[in-house]
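Read-outs: derived from the displayed coordinates by stated rules, not from any lab. Source: prediction; values computed, not measured. When we count neighbours, we look across all protein chains shown, and the Cβ atoms used for this are built from the backbone with ideal geometry, even at glycine.
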Amino acid sequence: MPGSTWGHALRLTTFGESHGVALGGIIDGFPAGVTLDLNWVQQQMARRRPGQAWTTPRQEQDQVEVLSGVFEGQTTGTPIALLIRNADQRSQDYAALKDQLRPGHADRSYLKKYGIRDHRGGGRASARETVIRVAAGALAQQYLVEQLGIQIQAGVTQIGSIQAAKCDFSQVSQNPFGFVDAHAIPSITALFEELIAAGDSVGAAICVEATGVPAGLGEPVFDKLDALLAHAWMSINAVKAVAVGDGWDVVSQRGHQHRDALGTAGFLSNHAGGVLGGISTGQTIVGHLAFKPTSSIQLPIDTLDQQGQMTRLQVTGRHDPCVALRALPIVEAMTALTLMDQVLQQRAQNPKAWEQACDAS
């Protein structure tokens, strides 16, 4: 499975399944001498872990074990090996799904590709795979903050038809939905009560911003920074659409509205979302992600079994009514891994331009 590695100068390879013994990852290319706060890493894991309000009741502490690459709190420059053991697998919940293909999941896709599939929670296709990305991304975030002052934050901006009237990232940690607008919390709470009673789920949107990003990251043509970010974001389970800057709003804009004018103090607006020509401008990177509703819901549906016969499916087990609630640290992690990879590449390829960009920022 060659698609299990992300990055170039900074490379993350992950392994493990939802109901396997553990999930793990190898980070290669992480610079030496970076002081790490593993307690902060664990705090990021807590943001993603199941068992929180309005999420799946699966109980996982997601304790990160650092097996190599860190000595006395500092990175050594050698590969960093991370391991997170699964503790609350209930594979029996999936016994009835051994021969049934769940609509909206990767069951049929995996079967067609490999001729075999792990029916326990989706195996490698499960969103549980992202737990190691959060751990690795937390290390990348510490590097970006320590070396460059880059800050990354994400928040839920829409759940179903409920949209945020304003985006205040300080509200994200103040409510169980990670929502950016406090005034919408009563409506969202009522929506979730309705979803749970009905055994249904709902989609959501997330906004992510990276501030303090120097100009010059990204490459022309195939490895544009926005293309790499889109790739990173689309690799997250349940993400069905991404946008940078004004996104789909550009369709109705005129040229004089969208172009970002330049003044002596820099750009006067940021419709482009911090990327022009595939290269960072020094402005805030702005991205938007759309998450589909959870496909594992209690409502029955007709489907096929592995022999191609019609069957009636009703999913049991523990599932999120809205997967986006636990996706915020995943989005931040993939953003951080992408930016750090590009920082290391730019620093190596264009050292003089890199120094000038860092001085200017």
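For this structure, a couple of remarks:
- Placing a pseudo-label 7 Å from each Cα along the Cα-to-Cβ vector at Ser68 and Ile185 gives an inter-label distance of 4.6 nm.
- Under 20 Å from the Cα of Lys224 - aspartates and glutamates, other chains or at least 8 residues apart: Glu209, Asp246, Asp260, Glu332, Asp341
- Label-point gap, in nm, between Ala46 and Gln61 - each point 7 angstrom along Cα→Cβ: 1.3 nm
- Mean Cα-pair separation over length for the chain, i.e. relative contact order, pairs under 8 Å, 6 or more apart, %: 21 percent
- Candidates Arg128, Arg254, Arg312: whichever shows maximal mean-square fluctuation once the chain is modelled as a Gaussian network with Cα springs under 10 Å: Arg254
- Gyration tensor (alpha-carbon) shape descriptor, region 249-361, a/c threshold 1.5: prolate
- Where a label projected 7 Å from the Cα of Arg108 along Cα→Cβ would reach, residues of region 219-248 with amide N under 20 Å: 238-240
- Within straight-line reach of Lys112, meaning a Cα separation under 17 Å, sit the following aspartates and glutamates at least 8 residues removed in sequence or on another chain: Asp99, Asp305.
- Remark: the Ala265-Ala81 segment gains 61.9 nm on full extension, using 0.36 nm per residue and subtracting the alpha carbon distance.
- Comparing Gly77, Gly203, Gly287 in a Gaussian network model of the chain (Cα springs below 10 Å), the most mobile by mean-square fluctuation is Gly77.
- Cα centre as origin, Lys/Arg/Asp/Glu Cβ charges: the chain dipole, Debye: 780 debye
- Ala241 long-range amide H proximity, modeled H, under 5 Å: Ala290
- Of the DSSP H helices in the chain, not one has a Cα length along its own long axis of 24 Å or more together with a mean Kyte-Doolittle hydropathy reaching 1.0.
- Sorted by Cβ density within 10 Å, fewest first, the residues Cys322, Cys207, Cys167: Cys167, Cys207, Cys322
- The ranking of Lys113, Lys352 by Cβ neighbour count inside 10 Å, starting from the fewest, reads Lys352, Lys113.
- Fewest neighbouring Cβ atoms within 10 Å first, the residues Trp40, Trp354 line up as Trp40, Trp354.
- Relative intensity of region 2-360 on a log10 scale, I(q)/I(0) at q = 0.07, 0.08, 0.13 Å⁻¹, equals -0.32, -0.42, -1.08, per a Debye sum over C-alpha point scatterers of equal strength in the absence of solvent.
- Stretchable slack from Met310 to Ala353, in nm (0.36 nm times residue separation minus alpha-carbon distance): 9.3 nm
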